[in-house]
Every structure is written in C-alpha cells, then in structure tokens.
Protein chains: 2
Amino acid sequence: MIIKVGGAAGIDYDFLCEDIATLWQENKSLVLVHGGSSFTDELSRKLDHPPRFVTSVSGIQSRFTDRETLEIFEMAYCGKMNKGIVERLQRLEVNAVGLSGLDGRIWEGPRKTTLKIVENGKRKVLRGDHTGRVERVNINLIEMLLENGYLPVLTPPAASFDGEAINVDGDRAAAVLGAALKADTVLFLSNVPGLLKDVEDEKSLIKKLCLKDLESAKNDIARGRMKKKVMGAGEAIEAGVGRCIFGDARIPQPVRSALEGRGTVIERG
Amino acid sequence: MIIKVGGAAGIDYDFLCEDIATLWQENKSLVLVHGGSSFTDELSRKLDHPPRFVTSVSGIQSRFTDRETLEIFEMAYCGKMNKGIVERLQRLEVNAVGLSGLDGRIWEGPRKTTLKIVENGKRKVLRGDHTGRVERVNINLIEMLLENGYLPVLTPPAASFDGEAINVDGDRAAAVLGAALKADTVLFLSNVPGLLKDVEDEKSLIKKLCLKDLESAKNDIARGRMKKKVMGAGEAIEAGVGRCIFGDARIPQPVRSALEGRGTVIERG
C-alpha cells in the first residue's frame, strides 16, 4: 500500500504516524509519500522570496520553481517535513528511512525549463523553471528497504534524466510509484474528506467512482489540487493499481478510516 | 574510506564531488559525511532565530539547539546541503543516496537535555537542548547501500535512543562510523590545510602525528572546531581505523591531494 499525505494546513501528522505505526506492527507493507506545500509557502515568505503560482495554458496551476525556490522547497520538504515525519515514526519504534526522489534516482523524468503560462489574460513564457514529471521509478532501493524492515518515507524533488533536482507533483509521483510497485491500494490523504460534489459542503462526499467516470469528475467536480489527485488516481488504476482512495488526514486513524470506507473509493469497474 | 567534509565558508563542493566521482568510478568504496554549520548560521539569522553558541564548563564550544534551532538545522543540513551534494553527484553519474543519522537510526546515542555552561564568567544551566553524542552505529543500511552500488551521503542529526532527532558533532560521528565500518582511512576536509602549529600561518602545517601525540596536540595546538577533529581522529584510531587525514576542501582534487600527503596524517605508531 502507498499512503500519500499532502502538505496542506490542517493535516495532523501525529494522528497519521500513530495509525501507520499500528499498521506497520501488523506487518503491512507500506510506503509513505508526503508533501510540504503549506510550509514551503510560509518559508518562502519568511526568506523574502514569496511563492509564485502560475496557470499553464492548459489551465493547470503550479508553483514556478526558480533555483532559489527549489532550494527553499528542499529545505521544507526534505528537511523539516521529511525528518519531522521520520522522527515521529522512529519515536513510535517504526524504523523509517526518509528519502527524496533524487536519492538513488527513485523518481526520474524529464525536466521542463520553460513554462507557457497565462497571466492577466496574456500568454507568457517563463524560463529557468526546475519542474518536471515522473516517468520512471527505480524500485530497487524501495524494495531493498521494505525487504529489510525499513519503512520508506519519500518526498519530492525527483531527478531529471540528467540528475538535476526537479519539483514534481507529489500526487502523480505517488500514483506512478503505486503502479511500479503493483500496489493494492494508493491512499491520498488531504485536508478534505474526499472528492466533494460541492466543495463548500463536506457532506456532499462522492463515495464511489469508477475509471470511466474520472474524466468528467476531473473536469466538472474536482477543484484546484484535487484535479491532480483525480488524474493521478486514473493513471494509477490504468497502470494496474487495485484501487485508489481519497481520505481525510485531519482525523484520528486517518488510514484506517479511509480503508473502512470513509472517503472516496475509485476502482476500475 | 570515510570522507567527512565540513560546512564552513570557503569549501568547494564542486571540486569535492568531481574528485569523489572519479574515485567512485575506480570502484573505491566510499561514504561521504557532511556538515552545514555556516549555512545554518545564515538561515537562523534570516529566520530571526540567530545562532547561540555556548561554552561548556569543560571549555568546549557548541550550538545551543532548542526545538526551533533543531528544525532550522534539519532544513539546512538535510534539505539544502544534503540534497545539493546528492544532486552534484547524480549529475556526475554517481548514484548517491542522502540520509541523516535519524534515518534507519544509523547514528544512535543518548540525548542531553540540559547543558552546563559558562557565560560572562558565571555557571548556568540551559534546558531544552536537543543535542547528543553518537554511541552506536547501525551499519546494516550503509552496508546494504554500498553492496548495491549506492554512495551514502550522511549528515546529522542522529537519533536518540528514544528516536528523537539530536544535533551531534559531525566529525566525531564520522569517526565512530569509520570505526564501525573498519575503514582504512577517515579523511576530515575543512577550510584549512590541516592541523597548523600557528593558526595564522598556513605554512606551519604539521605533516604527521601519532596517537600518543594527540592529547597534547588537542590541548596545545588545536583551536576551535579543530579540537573536535583531533578528538574524533584519536577515537577512530583507538577503535581500529588505519589512519586519519586532515585535508583542505578549498582546492581542486581535495581527496586525492590529501591521500597523496598534503595535509596532516595521523597514525597509530
């Protein structure tokens, strides 16, 4: 099972790590993937290099990642967030190992140096971007860790095919990892209960979706970051993952709750 | 061979990584340990939590590490420094894997929560310190990486016996690691040519030292951080490491130069 937890405000990492520790002691094979966007924003502001979000010509929002932003991103994701999670798990006697996708080139893909964006209604080209997309997973290191009793805690950046650090979308990277490891379940935990029909109403949760509904769910229902989760879930199931679940990371036992049916379950058929 | 590189100003990580890449392609078995003190100081100041250095009652200087400092330390060491070095090596086609001593509890030891210091001539007790000392090395993970063609890039913090992150001295941690791995050589690279008789005169380099000279070298010659390197070297050789070398990390081919005799060589006899 792959558990992807976001980096948005409201997520409770103590609840998450306690739940993971119980599952781990029951000999579940787990990989944890995490984000860190909210803390990255905070750190960027404190370091006088505020985040710049741009909208691509195809309508997808992302963080413009110049070299300075990339290093702030690494401090937040690989430093504070990753080691904070590893420490929580180690305190609970789970032998966690924190890695980025750059380490051992676990996540590899092409780098995009220019971004075509729309700003104030005008098309623009931004250069010096350090982003990319995961196309290949080198599972050797992850499998070696799992076989030897270590819990891998994985975070962006990934490696470009030339070995550069690239900012990649964590949800889609988790989906590709799930496919490469032939995971039964990829669980996406964030600060909402799942996919909502009405983003203002937490009671409008969609309980089940199948693969053929995903395209319209992405276009008509999902908002903001949820779009990438829906895309990631579709890609994962296409590639052979059993099911994906969108669950709530703000509650006690977030993993168990999602597995027991709170949240949105996405299956092939 | 263990290569420990400091985090002081003037160190050239590009030179270092190029040199390591050549040695790696010659099938040398290497572990790289690094610091990050200078960037940690800079980041602490930018984040309005300036570093506080204290002098213990036994005369050793160290960084007072409250929780906030620990997290800044992790951002600097495990985020920017570690991933920057891994990226340089990956760009040179060395399959590097960056880890802290917390990951897989590679470095373990007791935490010290209170510090007895001398400030303005007065004795004081500081509480809430997150520091410690490496007493145990779990080499399983490091050996697994080396056997599978990965170059481990290791940095503090370490893990307390309770799994907390603790700030430890990187030089002494590298020495303990060298002893655990029964390394032939532990190389300490920093921003000076080696141990100097006169710290103002780079030509006063001491070329050779043996174990019995170390105690007086530590007390009478070494200044500041060099004291800990001398202590680390002594501990490493006592524990079975073949030799330690103090070399210059500001020059091209810093590793090769040190191995060829530039620097201070410390041996048992």
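Readers should treat all values here as calculations from the given coordinates under stated rules, not as data from a laboratory. Source: prediction; values computed, not measured. Here Cβ is always computed from backbone atoms with ideal geometry, including for glycine, and neighbour counts include all displayed protein chains.
By the count of other C-beta atoms within 10 Å, a proxy for reagent exposure, A:His49, A:His34, A:His130 are ordered fewest to most as A:His49, A:His130, A:His34. Evaluating 6.51 cos²θ - 1.76 cosθ + 1.60 at θ = phi - 60° for every residue in the range A:190-205, the Karplus couplings come out as 8, 8, 9, x, x, 7, 10, 5, 10, 4, 7, 10, 5, 7, 8, 4 Hz, glycine and proline recorded as x.
Under 5 Å from the amide H of A:Leu189 lie the amide H atoms of A:Lys4, A:Val5, A:Gly6, A:Gly247, each residue being 5 or more positions distant or on a separate chain, with H modelled from the backbone and absent for Pro and chain starts. The Kirkwood hydrodynamic radius of chain B, based on inverse pair distances between different Cα atoms, is 18.6 Å. Within the range B:71-157, what percent of beta bridges assigned by DSSP are antiparallel, to the nearest 5? The antiparallel proportion sits near 65 percent.
Within the shell of other residues whose beta carbon sits under 13 angstrom from the beta carbon of B:Gly132, the net charge comes to +1, with Lys and Arg scored +1 and Asp and Glu -1. For B:Thr55 and A:Glu135, the FRET efficiency from 1/(1 + (r/R0)^6), where r spans their Cβ atoms and R0 equals 45 Å, is about 0.25.
Where only DSSP H runs of four or more residues are counted, chain B gives -8500 deg cm²/dmol as its mean residue ellipticity at 222 nm, each run worth -39500 (n - 2.57). For B:Lys208, the point set 7 Å out from Cα toward Cβ sits 8.1 nm from its twins in the other copies, listed from shortest up. Size estimate for the protein assembly as shown follows the Kirkwood approach: the inverse of mean 1/r over distinct Cα pairs works out to 24.2 Å.
Under 5 Å from the amide H of B:Ala96 lie the amide H atoms of A:Gly104, B:Gln90, B:Leu151, each residue being 5 or more positions distant or on a separate chain, with H modelled from the backbone and absent for Pro and chain starts.
Please sort A:219-228, A:143-152 by packing, taking for each peptide the average over its residues of neighbouring beta carbons within 10 angstrom, highest first. Each step should come with its number before you reach the end.
On the way: A:219-228: 15.6, A:143-152: 17.2.
Final packing ranking: A:143-152, A:219-228.
Label-point distances for A:Thr22 to the equivalent site in the other copies, using a point 7 angstrom along Cα→C-beta, read 5.7 nm when ranked shortest first. Each copy carries a label point for A:Phe53 at 7 Å from Cα along the beta-carbon vector; from one copy to the others these points are 4.2 nm apart, nearest first. Here the protein assembly as shown carries DSSP beta bridges of which approximately 45% are antiparallel, counting only pairs with both residues inside.
In straight-distance terms, cross-link reach from B:Lys124 covers every one of the lysines whose alpha-carbon lies under 25 Å from its own, apart from those fewer than eight places away in the same chain; here that gives B:Lys112, B:Lys116, B:Lys227, B:Lys228. Does the range B:44-198 come out rounded, prolate or oblate by the C-alpha gyration tensor, with a ≥ b ≥ c the root eigenvalues, rounded set by a/c under 1.5 and, if not, prolate when a/b is larger than b/c and oblate if not? Prolate. At q = 0.12, 0.19, 0.21 Å⁻¹, what log₁₀ I(q)/I(0) does a Debye calculation on the Cα points of the range B:1-134 give, no solvent, two decimals? Each listed q corresponds, in turn, to -0.57, -1.16, -1.31.
Across peptide B:145-155, the average count of Cβ atoms from other chains found within 10 Å of a residue's Cβ is 2. Only beta bridges with both residues in chain A are counted; by DSSP, about 45 percent of them are antiparallel.
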